[in-house]
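The values are calculated or read from the model by the stated rules, or taken from the named source; none is laboratory data. Quick caveat, the model's predicted, so the values are computed rather than measured. Neighbour counts are summed over all protein chains in view; Cβ atoms, including those assigned to glycine, are modelled from backbone coordinates with ideal geometry. Surface areas here come from the heavy atoms of the whole protein model, side chains and all, with no ligands, DNA or RNA. Shrake-Rupley method; radii C 1.70, N 1.55, O 1.52, S 1.80 Å.
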Amino acid sequence: GGGGSGATATANLDANGRISSVTITNGGTGYTSAPTVTFTGTGLTRVSPNVGDTLIFDGRSVSSGSFASSGVSASPTDLSEETIAYLVIIANEAGSSAGRTITVTLPTGSRILTITNDLLISYSSILNDGGNTLKVGGSVVSGIFNANTTSTSSIPHSGAGRIEMTGLNTSTQSVLNASRTNNGSEYTTAPTVVVGTPWTANTAFTTGDQIFYGQINSGTNGGSLFTVVTGGTTGSTAPTTKIGGDIISGTAVLRWVGFAAKATCGITSGSLSSITITCPGSGYTSAPAITFTGGGGSGAAATAIVIPNAYFLLKAGNVQLDGNNTNYNLCFSGSTTINGLLNIQSGATLNFNTRTLVLSATASLNEAGTMNIGTGTLTDLRPSTSVEPINSENFNVYAGINQFIVNYKSKNADFMTIRLLNSNGQIAKIINTGIQTTGTVNIPTTNLPNGLYIVEVQIDKTRIIKKAIK
């Protein structure tokens, strides 16, 4: 536009990769009005203003707002070593394109991208790390599920690099579960669970309130989570921009901070019997309210329980949990599968929280830290490297009162891992301990049901298997 031609310019970036100025390289000729300036280039869409250093890859922009096929791929070339607030990969927030996928492949290298807050990847989208390391200070939230999801359809992270959780940011929280305070009565169907406060038109909100709007996928509660940065009354038109920047809604100003949590519930004999958090969300500053709508009954009530440093992946490559005396929490209500190295460093604790972690046949595990399985499940599909006869003379297991007693002899002082499995092959306890050439290790069984157990004792690459009955 502008009536002329020939003008060219180059963009200048600041330290965070944002355009800070433009340098005119050719002024062109014949312009009668200012032309429209268009920036071109491939890579992640950096959103501004006000969100600041946030990288958002939004699949809606890949094919002009609509999906031409079931998958869209991109290879960003503008990602350099830097520190950003969030990395967001989202296929589509509109329900009409639920089930579409985005594949984002980072440039091959061994760089470090530090994400001070959260790494957020939407349903069925794929992040190939290209061998780079993503250091995450807050939560890792991925696999935003709907009815079309299967346990094999989503691979949020793959590649030779790793997702490294530092545990250094505890200011953003996720919803772990919900505590029922009233089961209600006379429900004929399960009511809809609403986690948090939805955006509504012509409603007064106070600075600091957190509200959600929209749906990540069709048929689910949740959506984008906002913090009200300037209190006021919302307008009559719903926000059109779900992610990125501040949003003016009437006299209120909203700022996107993450994904909203989602939940379902079950009923028995007309009353609430269970609540399942299907997506823990991210970006909460306090526990959101939980309400119930529909179902034909009344009276059901519950409170949300939030935790920092949530780890929520359907399927992952290499994951490292840094020390820093930090607790990391599995939050996915289904199973999480690790295909690469799960490195739990000394000083780190992985809490299962009734969730399931699967180590695939290709996985490896460094247990320098602690795996707090509790009432959760660890399924270990890795092949045995070396198994001694079950009647090995070097190790014996005895059933004592509320404990199994392991007596051992070893050629050298070393490090021992003891796994206690139930008759279904599920790991009930893991004990990591340094050992001398002879000694005894006690395995508490107070909270375990009676039955047959398998005791695996592993030193280096040697694994000895024993059986014991409580």
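How high is the FRET efficiency between residue 365 and residue 110 when r is their beta carbon distance and R₀ equals 25 Å, given to the nearest 0.05? Working shown, then result.
On the way: r = 23 Å, r/R0 = 0.92.
E(calc), rounded to 0.05, equals 0.65.
For a quick protection proxy, order the peptides 115-121, 266-272 by their average other-Cβ count within 10 Å, most packed first. Walk me through the numbers on the way to the answer.
Working: 115-121: 24.9, 266-272: 15.1.
So the peptides 115-121, 266-272, ranked by packing, come out 115-121, 266-272.
Compute, for residue 186, the solvent-accessible surface of its heavy atoms (probe 1.4 Å) with the complete set of protein chains present, and express it in square angstrom to the nearest 10.
Residue 186 has an accessible surface of roughly 140 Å² with all protein chains in place.
Sort 398, 311, 31 by heavy-atom solvent-accessible area, probe 1.4 angstrom, most to least.
Numbers: 398 115, 311 5, 31 75 Å².
The ordering from most to least exposed comes out as 398, 31, 311.
Sort 130-138, 352-360 for me by packing, meaning the mean count of neighbouring Cβ atoms within 10 Å per residue, highest on top.
Numbers: 130-138: 20.9, 352-360: 18.4.
Ranking the peptides 130-138, 352-360 by packing returns 130-138, 352-360.
For residue 264 and residue 382, compute 0.36 nm times the residue count separating them, minus their Cα-Cα distance, and round to one decimal in nm.
Working: separation 118, 0.36 × 118 = 42.48 nm, distance 3.32 nm.
Taking 0.36 nm per residue and subtracting the Cα distance, the gain is 39.2 nm.
Quote to one decimal, in nm, the extra length available between residue 203 and residue 301 on full extension: 0.36 nm per residue of separation minus the C-alpha distance between them.
Length difference between fully extended and current span is 32.9 nm.
So how much slack lies between residue 274 and residue 417, counting 0.36 nm per residue of separation and subtracting their Cα-Cα distance, in nm? If you can, show how the numbers build up before the last one.
Numbers: separation 143, 0.36 × 143 = 51.48 nm, distance 3.57 nm.
Stretched out fully, the residue 274 to residue 417 stretch lengthens by 47.9 nm.
So how do 180, 382, 419, 162 rank on accessible area, 1.4 Å probe, biggest first, that is with the largest at the start? Let's see the in-between values first.
Details: 180 105, 382 45, 419 10, 162 80 Å².
The ordering from most to least exposed comes out as 180, 162, 382, 419.
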